[in-house]
Amino acid sequence: MTPVSSTPASPALDPPAELAPAAVTAGHARLHAGDTASRIADYRELFKVRVTALVVMTAWAGFYLGSMRSGISSMQPGLIEALLGIGLVSAGSAALNEALERKLDARMIRTAQRPMAAGRISLAHGILLGLAAIAAGAIWLTRETNLVTGTLTLITAFTYVAVYTPLKRYTSLATFIGAFPGAMPPLLGWTAARGRIEWPAVALFAILFIWQFPHFMAIAWLYREDYGRAGIRMLPVVQPDGWSTVLEALTYAVLMIPASLLPVYLHMAGLYYGATAFLLGLIYLGYTIRFARITRARSVVESKMYARDLLKVSVIYLPVLLIVLMLNAKGK
């Protein structure tokens with residue numbers, strides 16, 4: 001390139017001419033690597049990789065427990081195939097959710113930098129990827145596991161994308177509706193292993209269904225200003241005094257204790273799991289009772305502290321409960 005300044009270039013400061021192409025190539029490589037990393041990060045966000053990982057984890061628990069019921073305790077056939085298919089459908093559903101909510105996401109501080117909200121991934125691109133992942137996952141599950149799992153997974157995706165997602169703008173009942181697809185992964189894992197819906201699978205569904213409410217009430221309280229700005233009718237937005245939010249969280253935290261003991265009643269696990277589940281349930285309930293202080297907190301910071309603590313406990317509670325259940329599971 002020709003220097004802008006009219007001052008003659010100093011040989012001591014200028015790089016040799018033969019090194020210039022290499023320097024340019026290295027610069028292009030760094031830019032390309034940066035673009036690639038940025039695009040990978042956008043796809044991770046589009047497919048909500050952390051949420052999808054939680055879906056896969058809970059589906060694995062269902063598959064493991066279903067295999068144990070079939071008398072298979074190790075080297076479970078079909079596990080990778082089942083988790084791959086469920087993960088694909090979950091990722092595709094997440095992409096379609098972001099496509100539908102891109103304008104709402106752009107209004108919220110927490111989500112404004114999502115790739116579709118920020119315009120880094122186009123609407124057509126996002127929808128195409130989402131539909132492709134759902135179709136591939138459902139077909140894969142039907143082929144590699146069974147028709148029951150493939151069909152249920154499609155119904156779950158449809159409920160999440162076509163019912164729950166648009167409903168969030170109109171009623172706080174959307175949280176209740178959304179809890180149904182949210183609770184499906186362990187049931188899908190069970191049907192992938194067993195080929196049919198059974199009472200133990202329903203018990204796993206119930207555990208996840210009930211667990212979600214204190215978890216989501218904590219999230220809703222933490223980000224209620226964001227939700228209000230976007231017009232999403234979460235309970236703390238509709239009734240900002242916090243009493244309804246607390247009542248819903250407490251109701252389900254109480255129900256969590258008997259629900260978590262269903263595996264003992266159904267002979268899926270023994271007393272060691274039962275004692276642990278009861279203790280974990282009391283801890284979860286204790287933090288939910290503490291969460292009730294949001295109604296008389298002296299500051300926004302204090303109320304958010306109670307919500308954040310409940311959120312942290314909820315995220316720890318579920319995997320610990322499922323791991324203990326898997327470790328204490330009874331075979332056929």
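The values are calculated or read from the model by the stated rules, or taken from the named source; none is laboratory data. Just so it is clear, the model here is predicted, and its values are computed rather than measured. Glycine gets a Cβ as well: all are built from the backbone with ideal geometry, and neighbour counts include every protein chain shown. Note: accessible area is taken over every heavy atom of the protein model, side chains too, but ligands, DNA and RNA are not part of it. Shrake-Rupley method; radii C 1.70, N 1.55, O 1.52, S 1.80 Å.
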Report summary line: Ala136 and Ile316 label points (each 7 Å along its Cα→Cβ direction) are spaced in nm at 3.7
Query raised in the report: What FRET efficiency do you get for Val163 and Val49 if R0 is 22 Å and r is their Cβ-Cβ distance, rounded to the nearest 0.05?
Result: 0.40
Query raised in the report: Cross-link partners among aspartates and glutamates for Lys304, C-alpha distance below 18 Å, same-chain residues fewer than 8 apart left out?
Result: Glu225, Asp226, Asp241, Glu248
Query raised in the report: Sorted by accessible area (1.4 Å probe), largest first, how do Ile127, Ile257 line up?
Result: Ile127, Ile257
Query - Highest average packing first - 36-43, 132-139, Cβ atoms within 10 Å - result: 132-139, 36-43
Report task. Just subtract the alpha-carbon distance of Gln239 and Asp35 from 0.36 nm times their residue separation and send over the number in nm, one decimal. Result -> 69.1 nm
Report task. With 5 Å bins from zero, work out the P(r) of segment 239-332 over every alpha carbon pair and list the percent per bin. Result -> 2, 14, 22, 19, 15, 10, 8, 5, 3, 1, 0
Query raised in the report: What spacing in nm lies between the two simple spin-label points modelled at Lys103 and Ile127, each 7 Å away from Cα in the Cβ direction?
Result: 1.4
Query raised in the report: What 222 nm value per residue comes from the helices of the chain, counting each DSSP H run with n ≥ 4 as -39,500 (n - 2.57) and dividing by all residues, nearest 500 deg cm²/dmol?
Result: -23500 deg cm²/dmol
Query raised in the report: Cross-link partners among aspartates and glutamates for Lys48, C-alpha distance below 18 Å, same-chain residues fewer than 8 apart left out?
Result: Glu98, Glu101, Asp105
Report summary line: Sorted on mean Cβ neighbours within 10 Å (highest first), peptides 90-96, 207-213 come out as 90-96, 207-213
Query raised in the report: Using a 1.4 Å probe on the protein chains only, how many percent of the accessible area of segment 211-311 belongs to carbon and sulfur?
Result: 66
Query - Reachable aspartates and glutamates, given that their alpha-carbon falls under 17 Å from the alpha-carbon of Lys330 and they are not under 8 places away in the same chain - result: Glu198
**Report entry** Stretchable slack from Arg293 to Arg196, in nm (0.36 nm times residue separation minus alpha-carbon distance)
**Finding:** 30.5 nm
Query - 3J(HN,Hα) from dihedral phi, segment 275-291, Karplus parametrisation 6.51/-1.76/1.60, rounded to Hz, x for glycine, proline - result: 5, 5, 4, 5, 5, 4, x, 5, 5, 4, 5, x, 5, 6, 4, 4, 4
Requested in this report: Mind checking the per residue accessible area of segment 130-271 for me, 1.4 Å probe, whole number of Å²?
Outcome: 42
Query raised in the report: Given the Cα-Cα distance of Phe278 and Ile323 and 0.36 nm per residue of separation, how much length would full extension add, in nm?
Result: 14.7 nm
Query raised in the report: Taking the alpha-carbon centroid of each part, what is the distance from segment 116-159 to segment 218-249 in angstrom?
Result: 30
Query - Answer label for Rg/Rh (Cα atoms, Kirkwood Rh) (calculated), chosen among (1) 1.11; (2) 1.17; (3) 1.01 - result: (1)
